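The next block holds one structure in the form of structure tokens; read it before the comments.
The values are calculated or read from the model by the stated rules, or taken from the named source; none is laboratory data. Source: prediction; values computed, not measured. Cβ placement follows ideal geometry from the backbone for every residue including glycine, while neighbour counts extend to all protein chains displayed.
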Amino acid sequence: MEIEHDEAVKKIIEWASDKKSEDLIHIDVKGKTDFTDSIIICHGSAELHIKAIADNIIQKAKEHNIQLLSVEGMENATWVLLDFADIIVHIFSEVKRKYYKLEDLYKITPEVKRKLDKANDKK
């Protein structure tokens, strides 16, 4: 049985949160990009933490039959990318996240960020 997109997004967010990912956000880019429908961004406190977040997502995705197309960056774990085709997950070190500012590419305004922070606090 294939899991629906929105349910897969919720699961991936849950699995990242299970490993205490930091500043986790979901950006819905349906109709805005050709390569994916959702982007999930978070960061970890150290390479080991980043790998633990990624490993948990990978393992749980296998258990739920969510197809993972590609994994990049596990060797140095400062920026790990998990490609689920319609969902892309970026797990950064805090330094790399601040440097690349992917959120800025999708116009995350301070108002939207506050809403996302409030939603994350309710979890």
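So MET1 clears everything in (1) in contact with an Asp or Glu (Cβ under 7 Å, 6 or more places away or on another chain); (2) modelled with pLDDT under 95 except one condition, right? Which one?
Condition not satisfied by MET1: (1).
Matching residues to (1) in contact with a Lys or Arg (Cβ under 6 Å, 6 or more places away or on another chain); (2) surrounded by 16 or more Cβ atoms within 10 Å (Cβ to Cβ); (3) at pLDDT below 90:
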| position | (1), (2), (3) |
| --- | --- |
| TRP79 | yes, yes, no |
| LEU82 | no, yes, no |
| ILE91 | no, yes, no |
| ASP104 | no, no, yes |
| LYS107 | no, no, yes |
| VAL112 | no, no, yes |
| LYS123 | no, no, yes |
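Any residue in segment 11-27 that's at positive phi and surrounded by fewer than 22 Cβ atoms within 10 Å (Cβ to Cβ): show its pairings with residues that are modelled with pLDDT of 95 or more and in a strand (DSSP E or B) at Cβ separation under 9 Å, as long as the two are six or more apart or on different chains.
Pairs that qualify, where the first residue is at positive phi and surrounded by fewer than 22 Cβ atoms within 10 Å (Cβ to Cβ) and the partner is modelled with pLDDT of 95 or more and in a strand (DSSP E or B), are LYS20/GLY44; ASP23/ILE41; ASP23/CYS42; ASP23/HIS43.
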